[in-house]
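The values are calculated or read from the model by the stated rules, or taken from the named source; none is laboratory data. Everything numeric in this text was worked out from a predicted model, so none of it was measured. Virtual Cβ from ideal backbone geometry, glycine too; neighbours counted across all protein chains shown.
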Ligand code: PHE
C-alpha cells in the first residue's frame with residue numbers, strides 16, 4: 001500500500017467530487033419519472049425514508065471504509081475481512097462495465113450538441129434517433145457496422161476522462177469545481193424556460209400530484225431504495241476510492257449528509273425542468289401529459305429534442321444547453337467510475353497511476369466500440385439492466401454485512417463519530433444491521449426470481465445470458481481470482 005498517499009486538497013474538493021459522481025444522468029432522466037410513476041408528491045415519503053435508512057448510512061459506511069483502509073474497494077473490504085476482498089473487486093468490475101456504456105450515452109450527447117445547432121432531427125426526433133443516429137438493427141444478434149459519429153463522440157469522451165485522471169486526485173478536485181456547477185446552471189436555464197411555457201403547470205401537477213394509495217404497494221418502496229442506491233453511486237467502488245484519499249481527521253457524517261442532500265435536491269429540482277417541458281409538449285400537440293411522459297434515452301434523445309423544436313425562440317441555444325448539461329452531468333460520474341477501478345489496481349499492483357489510467361481508458365474505449373455498432377443499443381440496455389439490478393445491490397448488501405455484522409456496527413459508528421461534526425446515534429446501527437440489509441435482500445431475491453422467470457425486455461434468452469447472467473458470473477469469477485491474486489500485495 002502506498003505510504004505517501006496523496007490527499008484531497010480541500011474538503012470542498014472531496015464533497016464536490018462525491019456530489020459530481022452522484023449527480024448524473026439518473027437525476028434528470030430517472031428520478032422525475034420514478035417519482036411520477038410511484039405516487040408523485042407522495043413518493044417523497046418513501047424516497048426520504050430510503051435516504052435516511054439506506055442512503056446516509058451507506059454513504060457513511062463507504063466514506064469511512066475507504067478512509068480507514070486508505071485504499072479502494074478491495075482493500076476496504078479486506079481490511080475488515082480478508083476473504084471478502086472479492087466483493088470489492090466485483091464493485092470495481094461493475095463500475096468498469098457501467099462506464100463502458102455510460103460513455104456511449106455521452107458520445108450521443110456530443111453528437112446531439114452538433115445536431116442541435118441545426119435542429120437536425122427535423123419533424124420526427126424518434127425516427128432520427130432510431131434510424132439515423134443509432135440505425136438500430138432488429139436485435140442483439142445483428143451488430144452491423146460502427147456508427148462513425150458515435151465512435152468520434154466516444155473517443156472524445158475517453159480523451160476527456162484520461163485528461164482529468166492523468167494527474168490524479170488533485171486534478172479531479174479542480175475539474176469538479178466546473179463539472180458540478182455547470183450542469184446546475186444549465187438546469188436552471190432550462191427550468192426557467194420550461195416553467196414560463198404554456199402547459200407547464202399541467203406538467204408539474206402530474207409530477208407532484210400526490211397519490212397516497214401507492215404507498216401501500218411494496219414495489220414503490222423498493223423503487224425508492226433502488227433509486228437512492230443508484231443515484232448516490234453506492235456499491236460501485238467509486239466513493240470508496242475517493243474516500244481513500246481523505247486525510248485521517250476528515251469528517252464523515254457531515255460530508256455524507258451534504259452529499260446526499262445536494263444530490264437529492266438536484267433530482268427534485270430536475271423534475272421541474274423535465275415536467276414543465278413535458279407539460280408544454282402535451283399542450284402543443286393536444287394530448288394528456290401522461291401520453292408524453294418518458295424516461296431514459298427516450299426522454300433525452302427523442303422527447304426533449306421534440307420539445308426543443310417546438311420552442312418559440314432560440315431553439316438551438318436551448319438544445320445546446322440541454323446536451324451540454326447531459327455531458328457535464330455524465331463526465332464526473334464517468335471519471336469517478338474509472339477512478340474506482342484505477343485506485344485499487346494501482347494500490348494492489350504498484351504500477352504507476354498514469355499507466356493504470358491509460359490502460360483502463362484504452363480498454364474502456366475498446367469495449368465501448370461494441371456500443372457504437374448498430375446493434376449496440378440492445379446490448380447497452382441488457383447490460384445496464386443486469387448490472388444495476390444485481391451488481392450494486394449485491395455489493396451494498398456485502399457492505400452492510402461486513403460492517404454491521406463482521407466488524408460490529410457500534411464499533412464502526414464510534415470510528416465515524418471520532419472525527420465527525422455531527423454525532424450519529426443508535427439509529428445508524430439499526431439501519432446498517434437490519435433495515436438496509438433486509439430491503440436489499442428482498443430486492444435481490446425479487447430481481448432474481450423475476451429475472452429467471454422472464455427474459456428481460458423481450459430480448460432472446462441467449463442475449464440475456466451473454467449480456468446479463470453470463471457477464472455477472474464472469475465478473476464474480478474474475479473478482480474471486482483478483483481477490484486471491486492480490487492477497488499478499490494488499491496486506492503488505
Ligand atoms: N449516480 C449516477 C446517476 O444518478 C449514476 C452513476 C452510476 C454514477 C454509477 C457513477 C457511478 O446518474
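Points to keep in mind about this one:
- Tallying residues that are in a helix (DSSP H, G or I) and more than 14 Å from the ligand (Cβ to nearest atom) within the stretch 226-268 yields 8.
- Residue identified as part of a helix (DSSP H, G or I), over 24 Å from the mean Cα position of the chain (by Cα) and closer than 28 Å to residue 54 by Cβ among 469, 462, 427: 427
- The residues in the stretch 327-341 that are near the ligand (Cβ under 8 Å from one of its atoms) and under 9 Å from residue 238 (Cβ atoms) can be counted, and the count is 4.
- Where a residue in the stretch 403-415 is farther than 17 Å from residue 59 by Cα and its partner, wherever it lies, is modelled with pLDDT of 95 or more and part of a helix (DSSP H, G or I), with Cβ under 7 Å and at least six apart: 405/433
- The one condition in (1) under 30 Å from residue 314 (Cα atoms); (2) part of a helix (DSSP H, G or I) that residue 120 fails to fulfil: (2)
- Residue 17 being over 13 Å from the mean Cα position of the chain (by Cα) and either over 26 Å from residue 245 (Cα atoms) or within 16 Å of the ligand (Cβ to nearest atom) (or both): yes
- Being more than 16 Å from the ligand (Cβ to nearest atom), modelled with pLDDT under 95 and more than 30 Å from residue 454 (Cβ to Cβ) is true of residue 347.
- Positions within the stretch 205-243 being surrounded by fewer than 19 Cβ atoms within 10 Å (Cβ to Cβ) and closer than 18 Å to residue 437 by Cβ, in sequence order: 218
- Criterion (surrounded by 21 or more Cβ atoms within 10 Å (Cβ to Cβ) and assigned to a loop (DSSP other than H, G, I, E, B)) met by exactly one of 338, 274, 383, 293: 293
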